[in-house]
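**Q** So that we are looking at the same thing, I have put the structure below in structure tokens.
Each value in this text was obtained by applying a stated rule to the coordinates, not by laboratory testing. Just so it is clear, the structure is predicted and the values come from calculations on it, not from any experiment. Note: ideal-geometry Cβ built from the backbone for every residue, glycine included; neighbour counts use all protein chains shown.
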């Protein structure tokens, strides 16, 4: 899959070959996008953050100390770009968009509980809450795997953790998500409905 | 035959197609023979499939390369290493030239590299994740780390970690910046502890706070022996002495509470808080600047302040506070019920302060949900009873804000639903 090494692409880029940077974008866009989505997806900002992150990476490419570790480095840049984006925009967004967990329900509903099956949007929100409830270092690998279907090797390249570690994380996270979703009352029919 | 334990730890990798062929055979053979593992495999498979399917909609489904490259010509590579770049372009790389190529630039970048090594080293050894930085200091200030009693002198530019404690003497003052861009100034003879970027405990003395309005999180909390102050972006002064706390608000508004009640205090107002007071009344003060003049005697060190903004403020992402609205109606609400999704962790949760106000934001009831409630894996709801004399609960809409309290743990809980339960008519 990785025919050219990251380092070769980085060196070509530094020599002025922008197509080489295209190669790096192609290789890491899914991971960068999933990371951006994880931080700011609910505000529809994942694409903007992805672009900004690659531009920031391009600008500071000469500072990259170990070109073979471009993946982990671009992850740090993405995290920082997303954090900056949130810092700039959250005060505004807080006033514009309703809080995701805000809900008004009458007592009658409360006693009955939520009836009927959830919409797809509600299911997604439920899953995202389950992901948020995972230990912090599980969350990004989970997003990279389930959202972008990256291989363990690609995930490890991006998070900088050994592949064996990623394997363990996804095993534990998978088990936790299963039981979290079961507790959230995920109905069998919901699952069957989509399979 | 392989043990179930071992097989179960590989189920996810099998589903993800990440097992070697030899492993795969062993696992599949075991699954055929072992009903329990087979069932687990099936459950895990369907929950994974469900996750893949839901996230598929959100997936990046086109190539962004073009869009990214389209704007590259507008960007310039940072120029300070451009020399090295040009040199490299002219000389094909081999292992030897790769090493040699760094030599001419070596002297030039030596300072940069050694500085960044110093910074990295300090980051790595001192603190896992700093919550703030010392940005100004007068005289000698002592500091101690979490769970340690040894005191060491504080210094400008030092990172501040969660649970760090600071103590000024009769001739020293201190200024620190916290993630979220809040500043704390400590007067002489003051002792305080930073629980996290959003909470400071003032044990004695006097402290001045500037919590930025554009902070990512609207609430910031200061705890004293007599009560607590919750802040929505403002400047204020807190003085702890003689069994009471005096809060002076310079700008904006804060919420002040003791063990029994809470109230809002506006700019140029002051309130005294002591334990057991049933009502907290704020009074206007004539010259608020005079009362807090001590704070302007200590100012940030410009280098430290810049480093603080670059390193701490830029890197912090802090989750939003939780606010709910419950509609009232014909009948009085007798209790409020909170629901959350239990994360199955049995320790480490934070507690939550609950503040209920009416539609005009007048305070009605406050209470505290203990961390034990969230540490109980069997629980996912909690009912806060409202005492019968609280007739105000007939009000049309109730505002409920929920603030974390990290003194006993830091694991947060997301409330997913909040109900108002009414007395049946």
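**Q** I'd like to compare B:368-381, A:167-180, B:274-287: which one has the highest average count of other Cβ atoms within 10 Å, and what's the full order after that?
**A** A:167-180, B:368-381, B:274-287
**Q** Over all residues in B:408-420, what is the mean tally of Cβ atoms on other chains that come within 10 Å of each residue's Cβ? Please report the intermediate quantities before stating the final value.
**A** Values: counts 0, 0, 0, 2, 2, 1, 5, 3, 7, 9, 6, 8, 5.
The per-residue average across the peptide is 4.
**Q** Assign one of three labels to region B:4-54, namely rounded, prolate or oblate, based on the Cα gyration tensor with a ≥ b ≥ c the square roots of its eigenvalues; rounded applies when a/c is under 1.5, prolate when it is not and a/b is larger than b/c, and oblate otherwise.
**A** In terms of gyration-tensor shape, oblate.
**Q** Across the residues of B:39-51, average count of Cβ atoms on other protein chains within 10 Å?
**A** That works out to 5 on average.
**Q** Averaged over A:165-171, how many beta carbons belonging to a partner chain fall within 10 Å of each residue's beta carbon?
**A** What the average comes to for A:165-171 is 4.
**Q** Can I ask one more? First measure r as the distance between the Cβ atoms of residue B:52 and residue A:59, then evaluate 1/(1 + (r/R0)^6) with R0 = 56 Å and state the FRET efficiency to the nearest 0.05. Spell out each step's value before the answer.
**A** Working: r = 35 Å, r/R0 = 0.63.
Efficiency at R0 = 56 Å is approximately 0.95.
**Q** Please arrange B:353, B:71 by how many other C-beta atoms lie within 10 Å of their C-beta, fewest to most. Mind showing how you got there, number by number?
**A** Numbers: B:353 19, B:71 12.
Ascending number of Cβ neighbours within 10 Å: B:71, B:353.
**Q** So for B:55, B:192, fewest C-beta neighbours within 10 Å to most, what's the order?
**A** Numbers: B:55 22, B:192 27.
With the sparsest Cβ surroundings first, the list reads B:55, B:192.
**Q** Rank these for me by crowding, B:4, B:157, B:350, going from fewest to most other beta carbons within 10 Å.
**A** The order, fewest Cβ neighbours first, is B:4, B:157, B:350.
**Q** Find the relative contact order for region B:142-188 and round it to a whole percent, using C-alpha pairs within less than 8 Å whose residues are 6+ positions apart.
**A** 30
**Q** Sticking with this structure for a sec: Once you have the Kirkwood Rh of region A:6-96 from its Cα pairs, apply Stokes-Einstein at 37 °C and 0.692 mPa s and quote D in µm²/s.
**A** 244
**Q** With label points built 7 Å along Cα→Cβ from the Cα atoms of residue A:88 and residue B:150, find their separation and express it in nm.
**A** Each label point lies 7 Å from its Cα, and together they span 4.4 nm.
**Q** Does region B:158-279 classify as rounded, prolate or oblate by the C-alpha gyration tensor (a ≥ b ≥ c root eigenvalues; a/c under 1.5 gives rounded; else a/b over b/c gives prolate, otherwise oblate)?
**A** In terms of gyration-tensor shape, oblate.
**Q** On full extension of the chain, what length is gained from residue B:251 through residue B:286, given 0.36 nm per residue of separation minus the C-alpha to C-alpha distance?
**A** So the chain would gain 11.2 nm between residue B:251 and residue B:286.
**Q** Another question, if that's okay. Could you work out the relative contact order of region A:6-96? I mean the mean sequence separation of Cα pairs under 8 Å and 6+ apart, divided by the number of residues, in percent.
**A** Averaging sequence separation for qualifying contacts and normalising by length gives 33 percent for region A:6-96.
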